[in-house]
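The values are calculated or read from the model by the stated rules, or taken from the named source; none is laboratory data. Bear in mind that the values here come from a model prediction, so they are computed numbers and not experimental data. Here Cβ is always computed from backbone atoms with ideal geometry, including for glycine, and neighbour counts include all displayed protein chains. All accessible areas refer to the heavy atoms of the entire protein, side chains included, with ligands and DNA or RNA removed. Shrake-Rupley method; radii C 1.70, N 1.55, O 1.52, S 1.80 Å.
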Protein chains: 2
Amino acid sequence: MSQTNSPFCDRTEETIASMSETRLIQSIQEWLGNVCPVSPHGIGDDCAVTDISNESKYLLTTVDGVAWGEHFDTSVTPGLAGRKLMARNLSDIASMGGKPRRAVVSLWMAKSVRLDWLRQFYEGIAKLAEEFEVQVVGGDVARAPEGVFIADLCLQGMSDRPLERKQVQPGDSIWVTGSLGGSILGKHTAFIPRIAEGLWLNEQKWAKSMMDISDGLAKDLPSLVGKYHTVIDQLPLSDAALELSKESGKDPWEHALCDGEDYELVFATDREIDESKFLQEWKEIFETPITRIAQVGDARPEFAMVLNRGAAGQQVFEKRGYEHF
Amino acid sequence: MSQTNSPFCDRTEETIASMSETRLIQSIQEWLGNVCPVSPHGIGDDCAVTDISNESKYLLTTVDGVAWGEHFDTSVTPGLAGRKLMARNLSDIASMGGKPRRAVVSLWMAKSVRLDWLRQFYEGIAKLAEEFEVQVVGGDVARAPEGVFIADLCLQGMSDRPLERKQVQPGDSIWVTGSLGGSILGKHTAFIPRIAEGLWLNEQKWAKSMMDISDGLAKDLPSLVGKYHTVIDQLPLSDAALELSKESGKDPWEHALCDGEDYELVFATDREIDESKFLQEWKEIFETPITRIAQVGDARPEFAMVLNRGAAGQQVFEKRGYEHF
């Protein structure tokens, strides 16, 4: 009896390591059955959307965490680690075009966690919370084995009209904010959640579908466009992607497509919009760069992305972004 | 630089092990500063309460988790481990007299977690969710070091009038549902969240203040009554408390007062109510036992509880419940 109750097993084919994160999440949906509603009301978008009143207000809920050794290490100050915890969740609210409101924080800590470190971690949370007008309304602290520091943050936001994924059609344009790739060189903790941009894109009805890039564009973009393929003409390569490609020997495009943790917005605009008017209005309001990276093609055969690299020609892109397991 | 960024330290006096959970939570409130509102809107009650509309509806938010080795082990089936995760949070909603609505689940897992174990864990969550009409609307899965399985659940509920702690006055009566002590013998995973009882006590306005007993009555009761002391006349000792006292050699009262994880409701009724009418109505609706355990005394000098044990006389009780760190 007791052996079968252990969560762990050394036969890889029987463990979660045998499947992709996407497949694991599908399995979880199946196991939950009736109690798991269809996206966006259930699992499958950046936030869960709930109709909470008769005033067309929607509650957005998301949860994301950081773990020592996984999302930060000794190269990251405790304040930046706390900042990252809040910022990751803010990015999920931004990607639905919502306004963040309140958070609860759950900590799992070894006994040996330093108080002064923890103070700076919370100050990092608080600083970003204040900046984005979020209140931390509750939480939990619990004991974990030696060497473990894990923090979950559950963030609630509001929206009159949450922007979902998969409202995309052939001919639509795909845009990204900021620049992509090499976030490990610093941006993974220091990125600015695109709350203002997401709200504006939603309220002005420029964007018809949106998400944030957390696992790399190569993995995330197919979630935005659903059954269609995309033809990527250009990518806003970050300085970090160029820098990293010197070390890694990889094409900077690969860094921009596959490195995780950019936390930029990727969104679709309808083929009918006036793109130059859109760009002009954007530039009047935001300093954040914006790039039209791709056009949505037809329903894809077996590939998700075509890279259109000018003189280098077209290539079908098959690599994927960051896989969690 | 890198050394100072490590969360861990072997000088105990500099770590979280140097303070009680209560003091640690106070520190966290201080560190959060302005972004942490006053209870019940912020940290300090079973749930955080948010006014979300103009219709006097309040959103309740709570987060609680389970960890392998801490909240369950090989003596617990995966289904019961999942059930416990949901049930702990349901108990927090019950303790505010609210109705549970929707949950998100965050998992931190070693690669070696068995799929079949995980399936049963989620089925345990789903079964209880269905029973209490909760939807699981989202979540997150992330990698953790070998040997780690940690799950957080953030639960939202609703209430027209959330029942808070600390609305208690001298002369009020204190009641508990069910029986207390020895939950480690099984109840810690199998307890029934007192949602129906909590809702009824709130809607019928019998209870003026309520919480659940998660860390043991000795630790939790002072949070309910605030500055007053209580005189405890009787305790509903569970069979498990009596059984455990044979092994431990401790007084069964000590098990009932100090063992954690009873997840019963403890609540105060006003000194003016008709207690026999209250009991009669309760028994018409619920099979759940109920016991009037104590009366609220004056503002306490330096002790929180007096035990009034008939022939054995009165004693001041100074022991505390379960401490997390």
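What to note about this one:
- Complete set of residues in segment A:132-151 that are more than 7 Å from chain B (Cβ to nearest Cβ) and at pLDDT 95 or above: A:132, A:133, A:151
- Segment A:179-223, subset under 12 Å from the mean Cα position of the chain (by Cα) and assigned to a helix (DSSP H, G or I), residue surrounded by the fewest Cβ atoms within 10 Å (Cβ to Cβ): A:223
- Extreme residue, farthest from the chain's Cα centre (by Cα), among residues of segment A:32-43 that are at the interface with chain B (Cβ under 7 Å from one of its Cβ atoms) and open to solvent by 40 Å² or more (accessible area, probe 1.4 Å): A:34
- Checked against the criteria, residue B:270 does not count as among the acidic types (Asp, Glu), farther than 12 Å from residue B:230 by Cβ, modelled with pLDDT under 95 and out of contact with any Cys (no Cβ under 7 Å at 6 or more places or on another chain).
- Here residue B:70 meets the list (1) farther than 19 Å from residue A:63 by Cβ; (2) part of a strand (DSSP E or B) almost entirely, failing just condition (2).
- Extreme residue, farthest from residue B:154 (Cα to Cα), among residues of segment B:119-137 that are touching a Gly at 6+ places or on another chain (Cβ under 7 Å) and among the small types (Gly, Ala, Ser): B:124
- Filter result (facing chain A (nearest Cβ under 7 Å) and under 30 Å from residue A:7 (Cβ atoms)) within segment B:48-68: B:61, B:62, B:63, B:64, B:65, B:67, B:68
- Number of residues in segment B:145-185 that are more than 27 Å from residue A:108 (Cβ to Cβ) and among the β-branched types (Val, Ile, Thr): the value is 4.
- Of all residues making up segment B:163-178, the number that are assigned to a loop (DSSP other than H, G, I, E, B) and either touching a Leu at 6+ places or on another chain (Cβ under 8 Å) or crowded, with 20+ Cβ neighbours inside 10 Å (or both): 7
- The single condition among (1) polar (S, T, N, Q); (2) touching a residue at least 40 places away in the same chain (Cβ under 8 Å); (3) within 14 Å of chain A (Cβ to nearest Cβ) that residue B:204 does not meet is (3).
- Residue within segment A:152-162 that is hydrophobic (A, V, I, L, M, F, W, C), open to solvent by less than 10 Å² (accessible area, probe 1.4 Å) and facing another protein chain (nearest Cβ under 7 Å) present: yes
- Filter result for the condition that a residue is of a type outside the set (Lys, Arg), facing chain B (nearest Cβ under 7 Å) and more than 15 Å from the chain's Cα centre (by Cα), over A:168, A:105, A:113: A:113
- Qualifying residue in segment A:41-49 (condition: assigned to a helix (DSSP H, G or I) and farther than 28 Å from residue B:113 by Cα): no
- Within segment A:237-273, the residues that satisfy the criterion of being surrounded by fewer than 18 Cβ atoms within 10 Å (Cβ to Cβ) and part of a loop (DSSP other than H, G, I, E, B) are A:249, A:250, A:251, A:270, A:271, A:272, A:273.
- Among residues of segment A:224-236, those that are in contact with a Ser or Thr (Cβ under 9 Å, 6 or more places away or on another chain) and open to solvent by 40 Å² or more (accessible area, probe 1.4 Å), counted: 1
- Residues in segment A:7-29 include at least one that is open to solvent by 10 Å² or more (accessible area, probe 1.4 Å), facing another protein chain (nearest Cβ under 7 Å) and assigned to a loop (DSSP other than H, G, I, E, B).
- Residue satisfying condition, being touching a helix residue (DSSP H, G or I) at 6+ places or on another chain (Cβ under 8 Å) and within 28 Å of residue B:60 (Cβ to Cβ), within set A:168, A:134: A:134
- On the stretch given as segment A:114-148, residues that are of a type in the set (Phe, Trp, Tyr) and either open to solvent by 10 Å² or more (accessible area, probe 1.4 Å) or part of a loop (DSSP other than H, G, I, E, B) (or both) total 1.
- Counting residues in segment A:216-230 that are more than 18 Å from residue A:84 (Cβ to Cβ), touching a residue at least 12 places away in the same chain (Cβ under 8 Å) and β-branched (Val, Ile, Thr) gives one or more.
- Within segment B:74-113, being closer than 26 Å to residue A:21 by Cα and surrounded by fewer than 21 Cβ atoms within 10 Å (Cβ to Cβ) holds for B:77, B:80, B:110, B:111, B:112.
- For segment A:291-300, filtering for residues that are in contact with a Lys or Arg (Cβ under 8 Å, 6 or more places away or on another chain) and open to solvent by less than 80 Å² (accessible area, probe 1.4 Å) leaves 1.
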